[in-house]
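Encoded as structure tokens, the structure appears first; notes follow it.
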Amino acid sequence: QVQLVESGGGLVQAGDSLRLSCAASGRTFSTGAMGWFRQAPGKEREFVTTQSWSGTSYADSVKGRFTISRDVVKNTVYLQMNNLKPEDTAVYYCAGTELTLRDYSHSDSYDYWGQGTQVTVSS
């Protein structure tokens, strides 16, 4: 059984930092990708970042502030978020796929999802 379990969300002030973790079990996703998406109230789920066999990419809104990384031994992916802004407030989801040759900025490209973790940034 494949599971993705996020942790690390919380309530912070603008300018603060948070690190989210996503622990995977049942798959390593070494041939595909792991990514982060987020969904704010009343909005569609949007791409944040992904790390795949072909490289790393970020949404323009988080470029320079967020960093994705992976610990292969722990089978965990991290999202370091710096200089947080109120508009970063959302539920953050971890996602994974073992398939290649996909557009990993699209949520439809992922087969497995975590339950989400809330990030709230106050102004």
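Odds and ends about this structure:
- Cross-link partners of K85 among lysines (Cα-Cα below 20 Å; sequence separation of 8 or more within a chain): K43, K63
- Paramagnetic reach from A14 in segment 62-84 [backbone N under 18 Å; point 7 Å along Cα→Cβ]: 62-63, 65-66, 82-84
- Whole-Hz ³J(HN,Hα) from phi, Karplus 6.51 cos²θ - 1.76 cosθ + 1.60, for segment 68-74, glycine and proline x: 9, 8, 9, 10, 5, 5, 8
- Judged by the gyration tensor of its Cα atoms, with axes a ≥ b ≥ c, segment 43-123 is prolate; a/c meets the 1.5 cut and a/b is the larger of a/b and b/c.
- Qualifying chymotrypsin sites (Phe, Trp or Tyr not before Pro) for segment 14-70 [loop in DSSP, other Cβ within 10 Å: at most 15]: W53
- For segment 1-60, the set of trypsin sites (Lys or Arg not before Pro) satisfying both a DSSP loop assignment and a count of at most 10 other C-beta atoms within 10 Å is given as K43.
- Taking 7 Å steps out from each Cα toward its Cβ at Q80 and T120 produces label points 2.7 nm apart.
- Among the GluC sites (Glu not before Pro) in segment 1-69, those located in a DSSP loop and surrounded by at most 11 other Cβ atoms within 10 Å of their own Cβ are E44.
- Where a label projected 7 Å from the Cα of L99 along Cα→Cβ would reach, residues of segment 1-32 with amide N under 16 Å: 29-32
- Solvent-accessible area per residue for the chain (1.4 angstrom probe, square angstrom): 52
- Protein accessible area in segment 1-45, 1.4 Å probe - carbon and sulfur %: 44
The values are calculated or read from the model by the stated rules, or taken from the named source; none is laboratory data. Computed from a prediction, not measured in an experiment: that's the story for all the values here. Don't worry about glycine lacking a Cβ; one is built from the backbone with ideal geometry, like all the others, and counts go over all protein chains shown. For accessibility, only protein heavy atoms count, side chains too; no ligands or nucleic acids. Shrake-Rupley method; radii C 1.70, N 1.55, O 1.52, S 1.80 Å.
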